[in-house]
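Student: Take this structure, written in structure tokens, and hold onto it; I'll ask about it next.
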There are 2 protein chains.
Amino acid sequence: MSVTYRYPRPALAVDCVVFGLDEEDLKVLLIRRGVDPFAGRWALPGGFVRLEETLDEAARRELREEAGIEKVYLEQLYTFGAVDRDPRERVVSVTYYALVKLSEHRVRAATDAREAAWFAIDDLPKLAFDHETIVDKAITRLRGKVRYAPIGFELLPKKFTLTQLQRVYEKVLGYELDKRNFRKKVAATGLLVELDEVEQDVAHRAARLYTFDEKTYRKLEKEGFLFEI
Amino acid sequence: MSVTYRYPRPALAVDCVVFGLDEEDLKVLLIRRGVDPFAGRWALPGGFVRLEETLDEAARRELREEAGIEKVYLEQLYTFGAVDRDPRERVVSVTYYALVKLSEHRVRAATDAREAAWFAIDDLPKLAFDHETIVDKAITRLRGKVRYAPIGFELLPKKFTLTQLQRVYEKVLGYELDKRNFRKKVAATGLLVELDEVEQDVAHRAARLYTFDEKTYRKLEKEGFLFEI
DNA sequence: TGACGTGGTGTCGATTCGACACTAAGGTTC
DNA sequence: GAACCTTAGTGTCGAATCGACACCACGTCA
């Protein structure tokens, strides 16, 4: 079962930078490689694109197969095509970044006999291939995009407190924000709905829960509205 | 001369959306296809990626071969991978957009026996493949990027008047700007240098020429400075 | 019941923003 | 050369936005 083509062509892969936020840090999901090249090294989840699937489908399939992750925010990042980025042969990689709700996606560890783990973005191990470059690009993109698109919510559970939301922005952007100004701004978007609920099981005054009004946002977006924080 | 692989793989192409600005409009460069599929239709310049070249190199090569265009601003746009986007077989296309100084790049017409022409972006003919989608995406990206990156200059000659620069922004963004406010803003960037020259051969008061201080910009950029209009 | 920890709220000065109209200069025409 | 045509070039002011900043509220726990 092999195929023959008139001209040589690169192999085509997808790789995913999966971001998650826990109590401490913004983290990236890595998989430990079992085989050469780079056996034992940590790498991004990914694999080769099949003929009958789109690139997005390939990315989602790899996330499912390698990390048990489904139904996440996924967006194409960049396509890397240096000639020697894979020592075996020419491989072009279409990369994606994904945002997952870590609280709901306690990742399946050691799936398929492969080891998977989360690493804080400023404490990454040495990565296989050019995956460090890819992670850098993903962080830059995430930082840029979080300012003018409502993707911060993808890192939180459906119901969240304003303090949690502020933490998302602070961890992603890498600097602290003023609480009152932050609350003013998110309130000004008009896209947070205040719930009749407060958080549970905390050893202090419980904070009000909010949820993101995605329906209204989609409407406004079509009318040219720009979300900005 | 053919090759055999263990598993099937998509063909990999690059396609370029080349923008140019003339006296009237923002335009896109198209090539008329000579062969099926879509023979006779207009399409983006592009072609297949060779094993020994990077994606950027492939894009530049195609621009050179198909339109005689060299040394332009070029940036990767998106990778399109719908399964049936090419009726012949699975082709994944890494797309780029380019900005050219139309005044200096009077495009080589009918090169390689191929017909090439500029079309105003809101008067495009029907395009081959999914190239309309690609052009749409390129316009969206250009509109977003021109606001916070100094790429407008790429559409103008080295020396330009402030009115010309304003026209670039107006044509790209699709709406008019206030002359005084615009001049205040560009002056505030501190990145335009006033030359001791005025434009020539105009039938009215000649405007002062300016040039973009790219060196200073590169320095500031590294320090985290954000260009904004 | 008091201490602790986080939740939640408003003001003010500085800055930025957008709206807005006239004179200057150079070439063309009669 | 006078009138005219066309584009160049320039400043103000009110509105909106921004960032800096501090205290009381509420629930838990000892």
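Student: What number of residues within the stretch A:169-191 satisfy the criterion of being closer than 23 Å to A:LYS215 by Cβ, in contact (Cβ under 8 Å) with a residue 12 or more places away in the chain and either surrounded by fewer than 18 Cβ atoms within 10 Å (Cβ to Cβ) or away from DNA strand C (no atom under 13 Å from the Cβ) (or both)?
Tutor: Of the residues in the stretch A:169-191, 6 are closer than 23 Å to A:LYS215 by Cβ, in contact (Cβ under 8 Å) with a residue 12 or more places away in the chain and either surrounded by fewer than 18 Cβ atoms within 10 Å (Cβ to Cβ) or away from DNA strand C (no atom under 13 Å from the Cβ) (or both).
Student: Of the numbered conditions (1) away from DNA strand C (no atom under 16 Å from the Cβ); (2) more than 14 Å from every other protein chain (Cβ to nearest Cβ); (3) surrounded by fewer than 20 Cβ atoms within 10 Å (Cβ to Cβ), A:ALA138 satisfies every one except a single condition; which is it?
Tutor: It fails just one condition, (3).
Student: Considering only residues of the stretch A:50-95 that are open to solvent by 10 Å² or more (accessible area, probe 1.4 Å) and of a type in the set (Ser, Thr, Tyr), which is nearest to A:LEU29 (Cα to Cα)?
Tutor: A:TYR73
Student: Looking at (1) under 17 Å from the mean Cα position of the chain (by Cα); (2) within 14 Å of another protein chain (Cβ to nearest Cβ), can you tell me which one B:LYS101 breaks?
Tutor: If we test B:LYS101 against (1) under 17 Å from the mean Cα position of the chain (by Cα); (2) within 14 Å of another protein chain (Cβ to nearest Cβ), just (2) comes out false.
Student: Give just the number: which of (1) within 16 Å of DNA strand D (Cβ to nearest atom); (2) within 16 Å of the chain's Cα centre (by Cα) does B:ALA116 not satisfy?
Tutor: Looking at each condition in turn, B:ALA116 falls short on (1).
Student: Considering only the stretch B:1-49, state which residues are within 14 Å of chain A (Cβ to nearest Cβ), among the charged types (D, E, K, R) and open to solvent by 40 Å² or more (accessible area, probe 1.4 Å).
Tutor: Matches in the stretch B:1-49: B:ARG6 only.
Student: Give the stretch B:192-209 a look and list any residue that's more than 12 Å from DNA strand C (Cβ to nearest atom), open to solvent by less than 70 Å² (accessible area, probe 1.4 Å) and either touching a Lys or Arg at 6+ places or on another chain (Cβ under 8 Å) or within 14 Å of chain A (Cβ to nearest Cβ) (or both), or say none.
Tutor: Scanning the stretch B:192-209 gives B:LEU195, B:LEU209.
Student: OK, next. Can you tell me which condition A:TYR217 does not meet? The list is (1) open to solvent by less than 50 Å² (accessible area, probe 1.4 Å); (2) within 16 Å of DNA strand D (Cβ to nearest atom), and all the others hold.
Tutor: Among (1) open to solvent by less than 50 Å² (accessible area, probe 1.4 Å); (2) within 16 Å of DNA strand D (Cβ to nearest atom), the lone unmet condition for A:TYR217 is (2).
The values are calculated or read from the model by the stated rules, or taken from the named source; none is laboratory data. In this text, all values refer to a predicted model and were calculated from it rather than measured experimentally. When we count neighbours, we look across all protein chains shown, and the Cβ atoms used for this are built from the backbone with ideal geometry, even at glycine. Side chains included, ligands, DNA and RNA excluded: accessible areas come from the protein's heavy atoms. Shrake-Rupley method; radii C 1.70, N 1.55, O 1.52, S 1.80 Å.
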